[in-house]
Structures are given as structure tokens and as C-alpha cells.
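No lab work stands behind these numbers, since they all come straight from the coordinates. Source: prediction; values computed, not measured. Cβ atoms come from the backbone with ideal geometry, glycine included; neighbour counts cover every protein chain shown.
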Amino acid sequence: MKIAVASGKGGTGKTTVSVSLALSLGSVQFLDCDVEEPNAALFFKPKIGEELPVGISVPEVNEKLCSHCKKCSELCAFNALVVLGTKVLLFPELCHGCGGCTYICPEKAITEHDRTIGVIQRGAAGPIDFIQGILNVGEPMAPPIIARARAMADPKKTVILDAPPGTSCPVIETVRDVDYCILVTEPTPFGLHDLHLAVETMRQISVPFGVVVNCWGIGNDAVEKYCAREQIDILLKIPWDRAIAEGYSRGEPAVSVVPELKKEFQKLYTTISQTCHKARIHEAVDHYQR
Amino acid sequence: MKICVSATGADLSASLDPRFGRCRMFLFVDPENMTFDAVTNPALSADGGAGTQAAQLVAGNGARAVLTGNVGPNAFTALDAAGIEIYTGLSGSVQAAVEQFKKGELQTTSSPSVESHAGMGRGGGAGKGR
């Protein structure tokens, strides 16, 4: 089973929740998909055993063969190729590696080569199989690295994916085929605003989800009212506790600072697996009736 | 000789658009007689690479110089490669900018004046992670 931990707003506690969940369950696989600034390693302190470069295919234009017909630049949705008179300019960091230009070039003047944009690191933190993607500084495109990390998911294990914040491409890439997504929020107007965006996103891509409210006790009850109105399960409320924040600043997971939380996270996991199990039964029945 | 001005409207009295890649219109002006063509900027709504797309359009229309507010790094590279002179930091009406250009009061810029995605407003460019 694959469980993602995401949030609309950054800094609500995704890493607190995903790391604590992993540590409460034991032998799981953990994928840090926040490849622009992966930080779960600060808490797991894993021994990294292997490192794999991740590249995307970018075009290379043979000027001798190019007839400057502009078909490639007209096709490119991201304007990574520009034809200026008899010059072709490539802007590699704009290229999404789709291969369309190579395909459309009538002169076969375009070949592709790999451009490294980051790495995947894999290691172990006790019983946890730890994987993190790291996007090179200055690179704008996170999804190819996230896709590579996701491809390493072990089907025999519970896999926990720590998503980037927001609702843009890197988040979609992380959560697209998970069984369940935990949306972490805080009980503040800002938290609610961005939770709303995250909920809309999950509904759009049909990913089952529930909410964990972090820093419970601050702010107001608007998140709770919103979830009740929208029939969204609140899976867990983590009380606001200065000790958790202090532990976080030292790289200590919440479940180490407040060991009683472990039970709460185990219950959270049970709730999620039951929900997913029910969903699978419904799906099977639906399929049978059709 | 034709020069290109990034503009918020389709005539010479329009304000100069401070953004190059994501400006509303391009006015291709002949400074000799002040005749012009107004071209809507298709890059305004580009998913990414607005600067490079706009630069290709400007070069394709035969402009020798660009008058604008700011130019990002990719647009700068493309305009520079096309041998187009770049004048940044301009504001006011298109007419006034062209007059300044004619009097030789402007200096070309030799580097991009803003970072990538500066013309996107809040939230950054399409390719940004968050």
C-alpha cells in the first residue's frame, strides 16, 4: 500500500507526519519526494548505500543538417528551441524531455542526449528502506526525479511518500498512483485556504484522502467545520506542543519526543488500510456488477 | 529600420509594457516616419519559455532593436544571438520611448535586467515547483 503525505500549505508538518508514521510502523519504505529540498534524512539519519544520477533527454541539433524550418520550435510547448534566421538556440532548462522535436524534424537533424538534473539516493535507516530524490540547485523541473523515486517503490512493502508542498506538477507526480493521501494542515485561516486547494486537487485526480491537523489548539475551528461540511475524515489531531517543535529543530522525530504519539500513528495507519480495503471491495463489486 | 517596443496597447500613445516576454503587444515602429504594426504577443499565455518565444517573434519580424522595461536571461540570450540591440529600464508612452531612441539618448544593455519568471507576477513560472 502506498500512502502519500501532502499539504497545500508548506510548513504544516508533512515531514513530521510522514517520518513519525514510518517510525511507528517499522519495516516500511520511505520515499522523500520533496526533491527540491528533501529533509526527511535529517530525522532518519540513513546510511546512504547507492546514488543514481537522473537525467532527461534533451535535443542536440546538427546545424549541418538543419534547414531552419522552425517545425521544432513551433511544436515545443515550452519554447526550449528558438530558430533565429540560420541559428538554432536550445534552452536546456526549459526542455521537458518529451522528444517531440526529434520526432517532427524532417531533416533528422536532432538527436537526443541525457542531461543530468539530479540524483536518487538509497540507504537504510534501521528497518526502513530509505530513498530520496535530490534535484540539482538551479534546475526547475522536479517531476522526472520524483517519477524515478516512485518507480523504486517496493510492491511488497508499505510505502510512505513525503510530497512537496502546494498543488503543482511535483505534487501530482508524487500522489498520482497512491492508494491514499494524508493532507496535513494547521487550524489557521492560511492552513484552511491551502487545504481547500489540496482537497480540490485530490478530488480532481480521484485520490482518496483524509486530513491530519497539526498544531491542534492554535488558530480556530474553521478547518474542523470545513471538513465536517465536506464530509472529509479528520484522521488525527496532533496537539500543539513546543517540545515537538524543539525536537524538530534538533532533527528528532515527533514520535521520539512524544512516544505516546506512536500509538496514534499506528491507529492512523489502521484507519487508512481499512478505508483502502473497503474502497477495493467497492471497486470489485462495481466491476462485477458491470 | 524597424524597432520593437513592448506595449500595453495597440498604438503609439499606449504605455510601454515593463515586461518583455509577457507583454500585451509588440509595436514594430519605423522611427523615420513613425509608422507601425501592432502584433499581439502569443507568449503572454505560454506555459513556459515566454521570453524565448517572444524573442523569436521579434526577430522574425525583422526588428533591429527592442525597447522595453525588463528582459529576463533567456530572452536576453535569444535577442542577443539574433543581433538585436536591447534597451531596458524604459517607461512612459511608446511614442516617448521611440523619440528618446531617435535622439540617441538610450544606452544598450549588456545583461538581463531581471531573473527568470519575473514577468509572471506572484507564484512564479509554470515550471516552478511551488
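Some points to look at:
- Cross-link partners of A:Lys156 among aspartates and glutamates, defined as those whose alpha carbon lies under 19 angstrom from its own and excluding same-chain residues fewer than eight positions apart: A:Asp32, A:Asp129, A:Asp177, A:Asp179.
- Annotation: amide H of A:Val54 within the under-5 Å range of A:Ile117, A:Gly118, A:Val119, A:Ile120, sequence separation 5 or more or interchain, hydrogens built in the peptide plane.
- Degrees separating the helix B:50-60 axis from the principal Cα axis of chain B, which is the longest one: 30 degrees
- Fluctuation leader among A:Gly26, A:Gly191, A:Gly85 - chain A, Gaussian network, Cα springs under 10 angstrom: A:Gly85
- Ranked packing of B:81-87, A:98-104, most packed first, by mean Cβ within 10 Å: B:81-87, A:98-104
- Take each peptide in B:11-17, B:28-34, count the other Cβ atoms within 10 Å of every residue, and average; sorted highest first, the result is B:11-17, B:28-34.
- Cβ-Cβ FRET estimate between A:Ile48 and B:Gln100, R0 fixed at 41 Å, reported to 0.05: 0.10
- Using a Förster distance of 56 Å, the FRET efficiency for A:His196-B:Glu32 (Cβ separation, nearest 0.05): 0.50
- Of all DSSP beta bridges in the protein assembly as shown, antiparallel share, percent nearest 5: 55 percent
- For the range A:213-290 versus the range A:9-62, the gap between their alpha-carbon centres in whole angstrom: 20 Å
- Inter-chain Cβ neighbour average for residues B:22-28, partner chain, 10 Å: 0
- Per residue of A:85-94, other chain Cβ atoms within 10 Å of the residue Cβ number 5 on average.
- Across the range B:30-125, Cα pairs under 8 Å and at least six residues apart give a relative contact order of 26 percent.
- For residues of B:40-50, the mean tally of beta carbons on other chains within 10 Å: 3
- Three-way shape call for the protein assembly as shown based on the alpha-carbon gyration tensor, with the a/c threshold at 1.5: prolate
- Taken one residue at a time, the phi angles of the range A:117-132 give Karplus couplings (6.51, -1.76, 1.60, θ = phi - 60°) of 10, x, 9, 10, 10, 10, x, 10, 10, x, x, 8, 7, 9, 10, 9 Hz. Gly and Pro are set to x.
- Residue-span extension gain [A:Lys156 to A:Met1] - 0.36 nm each, minus C-alpha spacing: 55.0 nm
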